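The values are calculated or read from the model by the stated rules, or taken from the named source; none is laboratory data. Since this is a predicted model, take the numbers as computed values, not measurements. Note that each Cβ is placed from the backbone with ideal geometry, even for glycine, and that neighbours are counted across all protein chains shown. Heavy atoms of the whole protein, side chains included, go into the accessibility calculation; ligands, DNA and RNA do not. Shrake-Rupley method; radii C 1.70, N 1.55, O 1.52, S 1.80 Å.
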Amino acid sequence: MEVIEEHKVGYKKTKLGWIPEDWKVVNLSNAVDFLDGKRKPIKESDRSKMQGHYPYYGASGIIDYVNNYIFDDDLILLGEDGANILTRSTRLAFKVSGKVWVNNHAHVLKPKKTFDIDFLNDFLESINYRKYNTSIAQPKLNKAECMKIPILSPPIEEQIKIGEILSDWDEAIEKTQTLIEKLQLRKKGLMQQLLTGKTRLKGFSGNWKEDKLGNYFTERKETGHDNLQLLSVGRNGVYPQDTTQKKDTSNANKSKYKRICIGDIGYNTMRMWQGRSALSEIEGIVSPAYTILKAKENTNPVFFSYLFKLEEMIHKFYRNSQGMVSDTWMCKFKDLKIIKFQAPSCREEQTAIAEILVTADKEIEQQQSYLEQLQAQKKGLMQQLLTGKIRVKA
C-alpha cells in the first residue's frame, strides 16, 4: 500500500476533502439505480400465512421469511427510516444477494457498472447521515435527499481491490461473531445442566437437598460509609458510578446508602423479578433501592450469582415479589429468604461448578475483545481506504 498525504502531488481538493486526482465525486443518483418502486410491505398477519425460506428485509436486516420474492440480484439496502439513522447501533447499509423481499423501510440500490458493490456498500456505511435526516420526530432519509449524497468514485479496479480487502475483515468479524454465539449457547447449556444438578461433576455424588435462600445468605444493612465510592449494580456486574453512562441521580446525603463488599450479591429490590442482580468484585456503597446479600460460610457467592440468572430462579423471584402493579413489585430480603430451591449443600461442589462457568465467561470475553479489535481495525481501514489516503495497487 502507498500512503498519500494531503497537499501532496497527485491530490486535489473536493467537497469531500482531499482525494487522489484520478478519483471523482458523483451524486448517489449517478452511482446506483433506485429500485424503490418495486419493493412492497407485507403486514405481519399476512406474512404469517405465507411463511417460506426467502428473506424478508426491513430497515435493519432480515425480519421474517416468506414464500415468495421480488428481487433476485446483488443489491445494497439502505435503511430509510428509524432511530438507527442517528444511533447506528447496527449497519444502515448492507449487501443482499439472491432472491429476497424488501419492505418500504429500506431503499433498494443497484450499483451501476462503474461501481463495485462491496466498495460502495462500505462507503455508504461509512457516511454520517445526520445531515441528510429529513424528519425530526422519526429519523428518515427520503429518496430525493439520498440521490444528492456525494460519493467517491475511484477507478473500478481500485474499488474492487478495496472491496476485497474490507471483505476479508468482514469475513473475520462474521466468523468471530458466530463463535461468540456458539460459546454463549454452550454456556447457557452448561448453566442449565450444572446449576440444576442434571449433570454432576466427577467426585461429587448424593442428592441435592431443597433449602431456603435464607440458609445461604444474610442481609447486609450497613450504612454510614459515605466515604466509600458510589457503585452501580448492572445486569453483568457492579461498577463505579462514574465509569457508567448512567446519569448520577444519587442524593447528596449518602448516609443511608448501603455498603456492598467484595463477594456480596446486590440486587435491585424492585427489579429482582427481572433478574437484576450481580456479584460485586469491589467495595463501595449503593442506593438504598438495592438489597445486599452477604454469603454465609457454606455459600460460594459466585455459584449463586450464576444460579440467580437461571430462568427458573427468576420466576421464583417473580412469584415472591409483592406489590399492586409490576412497577412497584418488590422482593425484599424477607421475601427472598423463604424461596426454596435445590442446590449442592457442599461448598466444594458449588465452587467446582462456579469455576467452570467462570472459565466459560472468560472464553466469551476473550472473543468479544478480539471482535472489538477487528471492528476497530476495519473502521480504521475504511477511513484510510475509502478516502484515498491509502492507495492500493489494483
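Each residue in segment 252-285 was checked for being touching a residue at least 40 places away in the same chain (Cβ under 8 Å) and part of a loop (DSSP other than H, G, I, E, B), and 10 pass.
Any chance you could count how many residues in segment 128-151 are without any contact (Cβ under 8 Å) to a residue 60 or more places away in the chain and more than 17 Å from residue 83 (Cβ to Cβ)? Residues that pass the stated criteria total 2.
How many of the residues in segment 352-379 are more than 20 Å from residue 90 (Cβ to Cβ) and open to solvent by less than 60 Å² (accessible area, probe 1.4 Å)? Final tally of qualifying residues: 10.
Would you pick out the residues in segment 366-383 that are within 12 Å of residue 122 (Cβ to Cβ) and polar (S, T, N, Q)?
Selection gives 383 alone.
Is it fair to say residue 218 is farther than 30 Å from residue 33 by Cβ, open to solvent by 40 Å² or more (accessible area, probe 1.4 Å) and assigned to a strand (DSSP E or B)? Judged against the criteria, residue 218 is a match.
Checking each residue of segment 290-307 against the condition of being more than 17 Å from residue 214 (Cα to Cα), modelled with pLDDT of 90 or more, of a type in the set (Lys, Arg) and outside any helix (DSSP H, G or I) gives no match. Scan segment 28-36 and give yes if some residue there is open to solvent by 70 Å² or more (accessible area, probe 1.4 Å) and of a type outside the set (D, E, K, R), otherwise no. Within segment 28-36, one or more residues are open to solvent by 70 Å² or more (accessible area, probe 1.4 Å) and of a type outside the set (D, E, K, R).
Counting only strands (runs of 3 or more DSSP E) wholly contained in segment 41-114, the ones carrying 2 or more residues that are under 22 Å from residue 147 (Cα atoms) and open to solvent by less than 50 Å² (accessible area, probe 1.4 Å) occupy 51-58, 75-79, 93-96, 106-111. In segment 152-180, the residues that are within 17 Å of residue 369 (Cβ to Cβ) form Cβ pairs under 8 Å with partners that are open to solvent by less than 20 Å² (accessible area, probe 1.4 Å), at six or more places apart or across chains, as follows: 169/374; 169/378; 172/374; 173/374; 173/378; 176/374; 180/364.
The set of residues in segment 310-351 that are under 30 Å from residue 178 (Cβ atoms) and part of a helix (DSSP H, G or I) comprises 311, 312, 313, 314. Residues in segment 118-134 that are closer than 25 Å to residue 157 by Cα and either surrounded by fewer than 20 Cβ atoms within 10 Å (Cβ to Cβ) or of a type in the set (Lys, Arg) (or both): 125, 126, 127.
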